[in-house]
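The structure appears right after this line, and notes come after that.
The values are calculated or read from the model by the stated rules, or taken from the named source; none is laboratory data. Quick caveat, the model's predicted, so the values are computed rather than measured. We place every Cβ from the backbone using ideal geometry, glycine too, and count neighbours over all the protein chains shown.
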């Protein structure tokens, strides 16, 4: 705990971005292995876009340049198809970076995850776009990163578990195979979008409610069916849950304050 | 001349302003004067009934002031001579409160909210005695109390005279410390409460402080000192403490006076080196210090820590570990946000009145923003206290 404390202490969002980038390396490797040069092209274009915005805002605000967009580009690459037109990528990723994060002051000051915003904007404005669902290999590659983020306190077990419990309940998962399918489809979105610490609820019960809300919304957005939610439904669920996170925290804190007041009479 | 209580090897001591926030001392001794253990050194300007006494026989080496004539530190170096130690007993039917105030045992209490010694005429809703070893501490309260059981029982019974409310005795789950037979003394054991080993967690669980409430906390060795002064009339400044030099598996348990010079203690142990600095306080809640804190029983020798100074404003990253650092009912991230912007109303609503600086030390260590939450909490508590008055 103390070792880790010195790792994060006073580093701002740098420590978060470094650890998340490390967690993203294995799934990114799998994605590149599958997609080949086309995916590599998407990754390079996405990195260029986010780094240009990071640099532009650092220069305009007279701050040190910090490549916080690395994780945004990596998560974006994991979801979008390799044949996405370049100008689509530039527009949605720019909007995601700027209105999802940079105008609020950068990573850690915003209340949404820029990757979620970019993906949601892509889905809303590009009707032909279908996000690619994670393959079993990609889902498996998320595990070491999830373990790292869990150990360093950047992934809340409360959110992840309550999301999965709600999913299991609403989908009526009973067999081992369907559970594996659920874990595979929700892997990347759960670890890197829904559980993103900067855009999730921060109170203990708030985290439980946040995960449950994301699970319920994913089910609704997927059409209230029996099948596991697609990548699009998960992205919208993550976005809506993030938007609701401050309200959830407010409700939890009001309840706590009410209970405290009642205790003191 | 009364003989001094049996002292371990002589060691310089200090009374530190850090332990008494906002205290402005009026010294009754001068620099260079030789004082006896238990002799009054100074009292509080605002509350002159509260007397502070010397833990050892020695020469007053320096009286240091901080901002606005608050106490910085009074250092006493061991020396021979000086007057006899005061040894007046509490007269039959005398007022215990006045006795403790005049004999220097009042500062053993810490009030919540706001910290520091309680007001001389205050009556707390409850007194909480902590006999739970700090996490990672080598001290075993049961062993320490085993040969001082009657003093401990006397001290516990004395505490019931200071409050109309209960006196809570917090024990480790497996503890078999005998509990004095007094209906007002309530013993508590908690096995699975992760915040049970800290006064902050004990207050939060047994008697959370409202805006109008007041709870005092005191350590088990201070309760023994109260029992002992009632029996003998002699002030007992000796505490059993544990020293944890970095990289050594075994802690050293020794007897030392209150406020002992940590470098001298560690040097005697042969553990001192230039890369290491002494820290006072329980593991995870300690701070670099030259002298042992008034309410501390643990000290460590750890690598020198230089705080990282971030450039420009840095965000707060809501790590899950932040919640584990605080008493269970306090939500860390909202409190940290409220503290860092000095939002008094929100801080009070989030339970900051239950907390003192030492409780939020881990937040400073864990937070990516580099904010000093101890200082923020002290400012907020001072302001809330001023508003409440």
Checklist line | Condition broken by residue B:114, with the remaining ones in (1) assigned to a loop (DSSP other than H, G, I, E, B); (2) in the same structural domain as residue B:184 (by TED's automatic domain parsing); (3) closer than 19 Å to residue B:29 by Cβ satisfied | finding: (3)
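To keep it simple, each residue is scored yes or no on (1) in a helix (DSSP H, G or I); (2) touching a helix residue (DSSP H, G or I) at 6+ places or on another chain (Cβ under 6 Å).
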{"site": "A:209", "(1), (2)": "yes, yes"}
{"site": "A:224", "(1), (2)": "no, no"}
{"site": "A:242", "(1), (2)": "yes, yes"}
{"site": "A:245", "(1), (2)": "yes, yes"}
{"site": "A:248", "(1), (2)": "yes, yes"}
{"site": "A:255", "(1), (2)": "yes, no"}
{"site": "A:261", "(1), (2)": "yes, no"}
Checklist line | Filter pass, residue B:225 being crowded, with 18+ Cβ neighbours inside 10 Å, in the same structural domain as residue B:286 (by TED's automatic domain parsing) and farther than 15 Å from residue B:292 by Cα | finding: no
Next item on the list: Could you check residue B:82 against (1) surrounded by 13 or more Cβ atoms within 10 Å (Cβ to Cβ); (2) outside any helix (DSSP H, G or I); (3) under 23 Å from the mean Cα position of the chain (by Cα) and say which number it fails?
Entry: (3)
Checklist line | Filter result for the condition that a residue is modelled with pLDDT of 95 or more and within 14 Å of chain B (Cβ to nearest Cβ), over A:257, A:245, A:212, A:237 | finding: A:245
Item checked: Answer from A:124, A:93 - the residue that is surrounded by 17 or more Cβ atoms within 10 Å (Cβ to Cβ) and either free of Cβ contacts under 8 Å to residues at least 60 places away in the same chain or part of a helix (DSSP H, G or I) (or both) -> A:93
Note to self: Restricting to the range A:158-193, count the residues that are closer than 19 Å to residue A:224 by Cβ and not in a loop (DSSP other than H, G, I, E, B).
What the structure shows: 15
Margin query: Of everything in the range B:103-117, what is under 13 Å from the mean Cα position of the chain (by Cα), more than 25 Å from residue B:232 (Cβ to Cβ) and surrounded by fewer than 23 Cβ atoms within 10 Å (Cβ to Cβ)? Give them in sequence order.
Written below: B:111, B:115, B:116
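Residue check: is residue B:353 out of contact with any helix residue (DSSP H, G or I) (no Cβ under 6 Å at 6 or more places or on another chain), in contact (Cβ under 8 Å) with a residue 40 or more places away in the chain, more than 13 Å from every other protein chain (Cβ to nearest Cβ) and on the phi < 0 side of the Ramachandran plot?
Here the answer is no, as residue B:353 does not meet what is asked.
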Note to self: Here is a list: B:288, B:274, B:307. Which entry is under 18 Å from residue B:374 (Cβ atoms), away from every other protein chain (no Cβ under 11 Å) and either modelled with pLDDT of 90 or more or surrounded by fewer than 22 Cβ atoms within 10 Å (Cβ to Cβ) (or both)?
What the structure shows: B:288
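Here is a yes/no grid of residues against (1) within 19 Å of residue B:295 (Cβ to Cβ); (2) surrounded by fewer than 17 Cβ atoms within 10 Å (Cβ to Cβ):
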| position | (1), (2) |
| --- | --- |
| B:130 | yes, no |
| B:133 | yes, no |
| B:137 | yes, no |
| B:147 | no, yes |
| B:152 | yes, no |
| B:167 | yes, no |
| B:172 | yes, no |
| B:181 | no, yes |
| B:185 | no, no |
Next item on the list: Identify all residues within the range B:326-336 that are more than 9 Å from every other protein chain (Cβ to nearest Cβ) and under 21 Å from residue A:13 (Cα atoms); write none if there are none.
Entry: B:335, B:336
Note to self: Checking residue B:360 against (1) part of a loop (DSSP other than H, G, I, E, B); (2) more than 9 Å from every other protein chain (Cβ to nearest Cβ); (3) free of Cβ contacts under 8 Å to residues at least 60 places away in the same chain, only one condition comes out false. Which one?
What the structure shows: (1)
Check: If you go through the range A:130-169, how many residues are more than 18 Å from residue A:24 (Cβ to Cβ), within 14 Å of chain B (Cβ to nearest Cβ) and surrounded by fewer than 15 Cβ atoms within 10 Å (Cβ to Cβ)?
Finding: 2
Note to self: Among the numbered criteria (1) touching a strand residue (DSSP E or B) at 6+ places or on another chain (Cβ under 7 Å); (2) more than 30 Å from residue B:380 (Cα to Cα); (3) crowded, with 21+ Cβ neighbours inside 10 Å, which one does residue B:50 miss?
What the structure shows: (2)
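In the set A:172, A:105, A:100, which member is away from every other protein chain (no Cβ under 14 Å) and either touching a strand residue (DSSP E or B) at 6+ places or on another chain (Cβ under 8 Å) or surrounded by fewer than 22 Cβ atoms within 10 Å (Cβ to Cβ) (or both)?
It is A:172.
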Notebook entry, point to check: Checking residue B:280 against (1) under 17 Å from the mean Cα position of the chain (by Cα); (2) touching a residue at least 40 places away in the same chain (Cβ under 8 Å), which single condition isn't satisfied?
Noted result: (2)
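Which residue is farthest from residue A:152 (Cα to Cα), if the candidates are limited to the range B:370-389 and must be within 13 Å of chain A (Cβ to nearest Cβ) and surrounded by fewer than 23 Cβ atoms within 10 Å (Cβ to Cβ)? Steps first, please.
Narrowing the range B:370-389 to residues within 13 Å of chain A (Cβ to nearest Cβ): B:370-373.
Now drop any that are not surrounded by fewer than 23 Cβ atoms within 10 Å (Cβ to Cβ), which leaves B:370-372.
Numbers: B:370: 18, B:371: 20, B:372: 21 Å.
The selected residue is B:372.
Please go through the range B:363-377 and give me each residue that is in contact with a helix residue (DSSP H, G or I) (Cβ under 6 Å, 6 or more places away or on another chain) and assigned to a helix (DSSP H, G or I), ordered by number. Break it down into steps so the answer makes sense when it comes.
Narrowing the range B:363-377 to residues in contact with a helix residue (DSSP H, G or I) (Cβ under 6 Å, 6 or more places away or on another chain): B:363-366, B:368, B:371-374, B:376-377.
If the condition is that a residue be in contact with a helix residue (DSSP H, G or I) (Cβ under 6 Å, 6 or more places away or on another chain) and assigned to a helix (DSSP H, G or I), then B:363, B:364, B:365, B:366, B:373, B:374, B:376, B:377 are the ones that fit.
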Margin query: Which of the numbered conditions does residue B:345 fail, given that it passes all the others? Conditions: (1) more than 9 Å from chain A (Cβ to nearest Cβ); (2) surrounded by fewer than 19 Cβ atoms within 10 Å (Cβ to Cβ); (3) within 27 Å of residue A:150 (Cβ to Cβ).
Written below: (3)
Item checked: Those strands (runs of 3 or more DSSP E) lying entirely in the range B:3-68 with at least 1 residues within 22 Å of residue B:288 (Cβ to Cβ) -> B:13-16, B:58-65
Next item on the list: Please list, ordered by first then second residue, the pairs with beta carbon atoms under 6 Å, 6 or more apart or interchain, first in the range B:197-219 and more than 14 Å from chain A (Cβ to nearest Cβ), second surrounded by fewer than 20 Cβ atoms within 10 Å (Cβ to Cβ).
Entry: B:197/B:135; B:216/B:111
Checklist line | Complete set of residues in the range B:320-341 that are touching a helix residue (DSSP H, G or I) at 6+ places or on another chain (Cβ under 6 Å) and in a loop (DSSP other than H, G, I, E, B) | finding: B:325, B:326, B:327, B:329
